[in-house]
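Enquirer: Attaching a single structure in structure tokens format; questions to follow.
The values are calculated or read from the model by the stated rules, or taken from the named source; none is laboratory data. Computed from a predicted model, the values in this text were never measured in an experiment. Backbone-built Cβ (ideal geometry, glycine too); neighbour counts: all protein chains shown.
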Amino acid sequence: MANAFCTRFGVTQPIILAPMGRVGPPELVAAVSNAGGLGLAPLWTDGPDKMRMEIRRIKELTDKPFGVNLNMDFRNEEQLDVCLEEGVEVVSIFWGNSGNFVERAKSHGVKVILTVSTSDGAREAVDRGADAICAQGWEAGGHVEGRVSTMALVPAVADAVGGLPVIAAGGIADGRGLAAALALGASAVWIGTRFLAAKEAPTHPIYLERLLAASENDTEHYDDLYDLVWPNAPHRALKNSTSRMWEAAGRPSLGHRPGEGDILATRPDGVEIPRYASAVAFSELEGDIEPLPMWSGQGVGLVTKVQSAEEIVREIVDQAKSIIDF
């Protein structure tokens, strides 16, 4: 399904792996790239040495294009330095003010994807030199900056940026979503929740079980629920015992919440995860998993089985082709 996005980024399928912290390891990133899509590595929580190791591991697993995602709320010049030194071909930038990151990356021949939530933001991204725009709709899982639905946002962004490739994100989990996104003016889709059920994703079994059983009505958008560690960052996740307890208490702010201070789980490195932390339920966590944030988009009802990343890409593309060629 080669198109303008595929040509510009050197891939054969218009599918991007959404960067998912701790559940988007090198194995998953490389598998999506090997399947013809573009894998994005979520390395913004890592220090320079860990980043370098992860990038080199991806390169051991694939010779196809892949990218690294950086979070501007935690902007770190050293992280971009590592990407440039290691020859990363694509940098994805989201949240906050990108500062000089776009200019620095492009001066080294790196292609830059900027995530936006409005058409005005898309125009600004064009002015900053973006090579592609990710239009993230309100349906998306994880951290969601905007309030506009994918259906309304994508055509508005496509009209605003002219011929620049637009990537549709939010609520897309199958070939019908890909076909719809292309009809709306996008050149590719950005998919996260579906890949949480990939064999290569170290999603905690309890998290995975909840995802596979969920319907489109089992997620909720929160302005400030899981805001320990990363405040002022709205997000979408599956409803759970923590969200229900917080809702019943009237959505109180930090310092006044039920169960605040409870330690729910522990990472392999010994770091404890308290209730309301912006954490990820990955497979190596030990403790009470259900109350942790389980990031998920509204497309979760379409996620019904565990497959390899290659199978997911192929199934999405084949379904989209059958619709487009009808």
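Enquirer: Any residue at all in the range 46-69 that is in a helix (DSSP H, G or I) and among the small types (Gly, Ala, Ser)? Reasoning before the result, please.
Expert: Step one: filter the range 46-69 for residues in a helix (DSSP H, G or I), giving 48-61.
Now narrow it down to the ones that are among the small types (Gly, Ala, Ser): none.
No, the range 46-69 has no match at all.
Enquirer: Looking for something in contact (Cβ under 8 Å) with a residue 40 or more places away in the chain, in the same structural domain as Arg128 (by TED's automatic domain parsing) and of a type in the set (A, V, I, L, M, F, W, C) - is there at least one such residue anywhere in the range 96-112? First the steps, then the outcome.
Expert: Pass one, the range 96-112, residues in contact (Cβ under 8 Å) with a residue 40 or more places away in the chain: 111.
Then drop every residue that is not in the same structural domain as Arg128 (by TED's automatic domain parsing), which leaves 111.
Narrowing further to those that are of a type in the set (A, V, I, L, M, F, W, C): none.
No.
Enquirer: Another one. Listed residues Gly24, Gly36; which is touching a strand residue (DSSP E or B) at 6+ places or on another chain (Cβ under 6 Å), small (Gly, Ala, Ser), within 15 Å of Ile312 (Cβ to Cβ) and part of a loop (DSSP other than H, G, I, E, B)? Step through it out loud before you land on a result.
Expert: Numbers: Gly36 fails: touching a strand residue (DSSP E or B) at 6+ places or on another chain (Cβ under 6 Å).
Criteria check complete, one pass: Gly24.
Enquirer: If you don't mind, there's one more thing I want to ask. For Ile289, work out the one condition from (1) under 19 Å from Gly24 (Cβ atoms); (2) of a type outside the set (Ser, Thr, Tyr); (3) under 19 Å from the mean Cα position of the chain (by Cα) it doesn't fulfil.
Expert: Of everything listed in (1) under 19 Å from Gly24 (Cβ atoms); (2) of a type outside the set (Ser, Thr, Tyr); (3) under 19 Å from the mean Cα position of the chain (by Cα), Ile289 misses just condition (3).
Enquirer: Quick one: would you say Asn232 is farther than 24 Å from Ala168 by Cβ and of a type in the set (S, T, N, Q)?
Expert: Numbers: farther than 24 Å from Ala168 by Cβ: yes; of a type in the set (S, T, N, Q): yes.
The answer is yes for Asn232.
Enquirer: Just one of the numbered conditions (1) closer than 19 Å to Gly170 by Cα; (2) modelled with pLDDT under 95 is not true of Ile324; which one?
Expert: Looking at each condition in turn, Ile324 falls short on (1).
Enquirer: For residues in the range 165-184 being assigned to a loop (DSSP other than H, G, I, E, B) and in contact with a strand residue (DSSP E or B) (Cβ under 6 Å, 6 or more places away or on another chain), which is farthest from Asp120 (Cα to Cα)? Full working, then the answer.
Expert: Just the residues of the range 165-184 that are assigned to a loop (DSSP other than H, G, I, E, B), to begin with: 165, 170-174.
Those left that are additionally in contact with a strand residue (DSSP E or B) (Cβ under 6 Å, 6 or more places away or on another chain): 165, 170, 172.
Values: Pro165: 16, Gly170: 18, Ile172: 23 Å.
The extreme case among them is Ile172.
Enquirer: Scan the range 278-326 residue by residue and report those that are touching a residue at least 24 places away in the same chain (Cβ under 8 Å) and among the charged types (D, E, K, R). Step through it out loud before you land on a result.
Expert: Quick first cut of the range 278-326, residues touching a residue at least 24 places away in the same chain (Cβ under 8 Å) only: 278-285, 287-310, 312-324.
If the condition is that a residue be touching a residue at least 24 places away in the same chain (Cβ under 8 Å) and among the charged types (D, E, K, R), then Glu284, Asp288, Glu290, Lys305, Glu310, Arg314, Glu315, Asp318, Lys321 are the ones that fit.
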